Amino acid sequence: MRRAVTAWLAAVLLLAMAAVPAAAFPLELCQLSLTSTSASGSTIDTAQSGANDATQADPFLVDWDGTVVYSGTTTNVIKNYRYQVYVLGIPTPIANSGTNDEENTEGNGSVGVSSNMPFRVTGLFKVSGTYAGEGGTCAGSGWFKLTGDPVGTIPFFAALALIILGILLEIRGLRGHAFSAVGGGVLIGLGTAILLVIYSTLPIAEYTPVVVLGLGLLLGIIVALLGRRRREVVVEA
């Protein structure tokens, strides 16, 4: 039973950190219900697989000091399973495998939010993942929002530091240092992407951070070319 519950815990972290349109939140061969509670135990939000829950416009709300209670079942016995969870398309350490020799098809429990993260985080995130093995596959994705003020959090200060450092490198890049310009553009893009995530502003959904990072790189290349041109003009003069 412990292995089955562990597998469902992963499924929760796949969907309790989730939100996407109903069409993108169907679960085949399984059902999952989620309830988000505050530190005092009061209900904040609920989500049900197959329903119009956990969308980007109406994400599953999670309190940093709260808990996510989950209950799930699979239609078939899934043995020799493996699960993997992704956040904004990036693989996370939440991955494991097992045999399910007990042939369990259900699990329930609760997950403390702050106890599963190294520091306070706010923002909007798309989480997806799979729970697959002999007997079928349970897969889904969705959006979750960690509530709270981003100001004062580690990601907030990290984003500001990256942007400031990036600007300084861009200034150096205008003086003809191409590598500084490109590196500065990447840092500005990364810092901006972090701010957009923690302030829950993702105009092109989960692709926003990648696109913003690409725009930062493009900025760096442009500054590098401008710096090179400026350097050539100075030499000619």
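Numbers for the structure displayed
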quantity: Residue that is in contact with a Leu (Cβ under 9 Å, 6 or more places away or on another chain) and aliphatic (A, V, I, L, M), where the choices are 167, 204, 222, 171; calculated: 167
quantity: Any hit, segment 155-176, residues being under 22 Å from residue 221 (Cα atoms) and under 17 Å from the mean Cα position of the chain (by Cα); calculated: yes
quantity: Any hit, segment 212-222, residues being over 24 Å from the mean Cα position of the chain (by Cα) and crowded, with 23+ Cβ neighbours inside 10 Å; calculated: yes
quantity: Near pairs, Cβ below 7 angstrom, 6+ apart or cross-chain, from segment 35-52 (farther than 11 Å from residue 66 by Cα and touching a residue at least 12 places away in the same chain (Cβ under 8 Å)) to any residue that is among the acidic types (Asp, Glu) and open to solvent by 30 Å² or more (accessible area, probe 1.4 Å); calculated: 47/53
quantity: Filtered residues of segment 140-157 (kept if within 21 Å of residue 90 (Cβ to Cβ), of a type outside the set (D, E, K, R) and open to solvent by 40 Å² or more (accessible area, probe 1.4 Å)); calculated: 154
quantity: So residue 172, is it in contact with a helix residue (DSSP H, G or I) (Cβ under 6 Å, 6 or more places away or on another chain), surrounded by 15 or more Cβ atoms within 10 Å (Cβ to Cβ) and of a type in the set (Lys, Arg); calculated: yes
quantity: Pairs, first in contact (Cβ under 8 Å) with a residue 60 or more places away in the chain in segment 110-123, second loosely packed, with under 13 Cβ neighbours inside 10 Å and in a loop (DSSP other than H, G, I, E, B), C-beta under 8 Å, six or more apart; calculated: 122/149
quantity: Breaking point among (1) over 30 Å from residue 185 (Cβ atoms); (2) buried (at least 17 other Cβ atoms within 10 Å of the Cβ), for residue 99; calculated: (2)
quantity: The listed residue being basic (Lys, Arg) and under 25 Å from residue 148 (Cβ atoms), out of 120, 82; calculated: 120
quantity: Qualifying positions in segment 38-67 - within 18 Å of the chain's Cα centre (by Cα), part of a loop (DSSP other than H, G, I, E, B) and of a type in the set (A, V, I, L, M); calculated: 54, 57
quantity: Those residues of segment 218-233 which are of a type in the set (A, V, I, L, M) and closer than 15 Å to residue 171 by Cα, in sequence order; calculated: 219, 221, 222, 223, 224, 225, 226
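Yes/no matrix, rows are residues, columns are (1) open to solvent by 30 Å² or more (accessible area, probe 1.4 Å); (2) in contact with a strand residue (DSSP E or B) (Cβ under 7 Å, 6 or more places away or on another chain); (3) of a type in the set (D, E, K, R):
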| residue | (1), (2), (3) |
| --- | --- |
| 57 | yes, no, no |
| 72 | no, yes, no |
| 75 | yes, yes, no |
| 81 | no, yes, no |
| 107 | no, yes, no |
| 128 | yes, yes, no |
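The values are calculated or read from the model by the stated rules, or taken from the named source; none is laboratory data. Quick caveat: nothing in here was measured; it's all calculated off a predicted structure. Positions of Cβ are generated from backbone atoms using ideal geometry, with glycine treated the same way; all protein chains shown enter the neighbour counts. Each accessible area value is taken on the protein alone, full model and side chains, heavy atoms only, with ligands, DNA and RNA left out. Shrake-Rupley method; radii C 1.70, N 1.55, O 1.52, S 1.80 Å.
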